[in-house]
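These notes are about the structure you will find just below.
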Amino acid sequence: MIKIFRKIRYDLMEKNKIGHYLKYAIGEIVLVVIGILIALSINTWNQNRSNARLEQELLNNLLSDVNIDIYNLEKLDSITSLAALSKLRLMSFINGEEIARDSVFYYTSLINPSDNFIPTTITYDEMKNSDGFKVIRSSMLRREIAKLYNNYKGLEDIDDVYKDSREVLQLIRIEDFETASLSKIGSGNIRDPDKLIAQFTTNRRFINALETNSAVGRNLKYKETLEDAKRFKEILQEFIIR
C-alpha cells in the first residue's frame with residue numbers, strides 16, 4: 001500500500017513538473033512573440049519616420065523645381081503673348097487695316113520667337129527612377145504631380161508643332177522677302193522697305209504660312225500651363241510641414 005501511495009505521489013509530482021515546464025515554455029514563447037512584435041513596431045515606426053522625412057525632402061525639392069518652372073513660364077508667357085499679338089496684328093494688316101510700316105516690321109520681328117519651355121524634372125525623374133512616388137502618402141497629390149508633368153509634356157508637343165510652322169514662315173521670309181533674318185526686319189536694316197511691305201499683302205505663301213502659324217494657340221497653352229503650375233504650387237505647399 002505504501003508503494004502505491006509513493007507511486008501516486010511521484011506521478012503527481014511529475015505531472016506538476018510537466019505543468020510547470022509547460023507554463024514556463026508558454027511564458028517564454030509569449031515573451032519572444034511580444035519581443036518580436038515590439039521590434040517590428042519599432043522598425044515600422046522608424047521606417048515611417050524615414051519615409052516621412054524623405055517625403056518632405058521630395059516635396060520641398062518639387063517646390064523648388066516648380067518655382068523655377070513658374071519663373072520660366074511667366075517669361076515665356078510674355079514672349080508668346082507678343083508673338084500671338086503680332087500674328088493677329090499682321091493678319092489685320094493683310095486684311096486691310098492701316099498700320100504704320102515700322103509697326104508692321106516690329107510685329108514681324110516678334111512673331112517667330114525661338115524660345116521654348118524646358119521643364120525642371122530633376123526631382124520628378126528621381127522619384128520615377130527610385131520609386132519615390134511610394135513615399136507620397138496622398139494619392140491626390142500623386143495624381144497632381146503626374147498631371148502637372150503630363151501638362152508639361154503637352155506643352156512640349158505644342159512647341160514642336162510651333163517649331164515646324166516657325167521654320168516654314170522663316171524660310172519664306174528668307175527666300176521671298178530678301179532679308180537675312182528676323183532681326184534685320186525688326187531693326188529696319190532692309191534693302192527695299194517698300195517692296196517688303198507690299199509683299200505682306202501679296203505673297204500668298206507668306207499669308208498661308210502666317211495663317212497656319214500656331215502662335216495664338218501656343219500662347220493659350222502657355223497661359224494654361226502657367227496657371228496649372230501655380231495651382232500645383234498651392235496644393236504642394238499644403239503638404240509641406242513648415
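We did not get these values from a lab; they are worked out from the coordinates using the rules stated. These numbers were taken from a predicted model, which means no experiment stands behind them. Glycine also receives a Cβ, built like all others from the backbone with ideal geometry; neighbour counts cover every protein chain displayed.
Among the GluC sites (Glu not before Pro) within the stretch 68-110, which fall in a DSSP loop and have no more than 14 other Cβ atoms within 10 Å of their own Cβ?
97, 98
7 Å from Cα along Cα→Cβ at both residue 95 and residue 34: what's the point-to-point distance in nm?
Placing both labels 7 Å beyond Cα along the Cβ direction yields 8.5 nm.
For the stretch 51-71 and the stretch 192-233, what is the separation of their C-alpha centers, rounded to whole Å?
The stretch 51-71 and the stretch 192-233 have Cα centres separated by 34 Å.
Label-point separation (nm) for residue 102 and residue 237, each offset 7 Å from Cα along Cα-to-Cβ?
4.3
Suppose R0 equals 51 Å; then what is the FRET efficiency for residue 51 and residue 85 from their Cβ-Cβ distance, rounded to the nearest 0.05?
0.55
Among the chymotrypsin sites (Phe, Trp or Tyr not before Pro) within the stretch 79-156, which fall in a DSSP loop and have no more than 15 other Cβ atoms within 10 Å of their own Cβ?
none
Using 0.36 nm times the number of residues separating residue 137 and residue 156, minus their current alpha carbon distance, what extension gain do you get?
Length difference between fully extended and current span is 3.9 nm.
For residue 204 and residue 74, FRET efficiency with R0 = 35 Å and r from the beta-carbon atoms, rounded to 0.05?
It comes to 0.40.
List, in the order given, every pair from 87/153; 128/230; 147/223 whose Cα-Cα distance in the structure shown is over 19 Å.
Those over the limit are 87/153; 128/230.
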